[in-house]
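**Student:** Submitted below is the structure of interest, expressed as structure tokens.
A short reminder: the numbers here are calculations on the coordinates, not readings from a lab. Here the structure is a predicted model, which means the values were calculated and not measured.
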Amino acid sequence: MLLKHISQCGDVFFYIVISGFLHEFIEVMSFVVSVVVVGHTNKNKLSNKSI
């Protein structure tokens, strides 16, 4: 009974760690994508001005 309780706590802890990691990963990925998109559009604007 005690072992089962410990394993349940471990599952909850594991789930919290994974969900937190996924949340951070998604935030970082969205930040990277936004930076790439902004840099790409700025590069296009600069190249259009030079032409």
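**Student:** In Å, what Rg and Dmax follow from the Cα atoms of the chain?
**Tutor:** My reading of the Cα-based Rg and Dmax gives 22.0, 75 Å.
**Student:** By how many degrees, 0 to 90 and rounded to 10, does the Cα axis of helix 2-50 deviate from the longest principal axis of the chain?
**Tutor:** So the helix axis and the longest Cα principal axis differ by about 0 degrees.
**Student:** Per the helix-only calculation at 222 nm, which mean residue ellipticity applies to the chain, given -39500 (n - 2.57) for every DSSP H run of n ≥ 4 and division by its residues, nearest 500 deg cm²/dmol?
**Tutor:** Per the formula, -36000 deg cm²/dmol.
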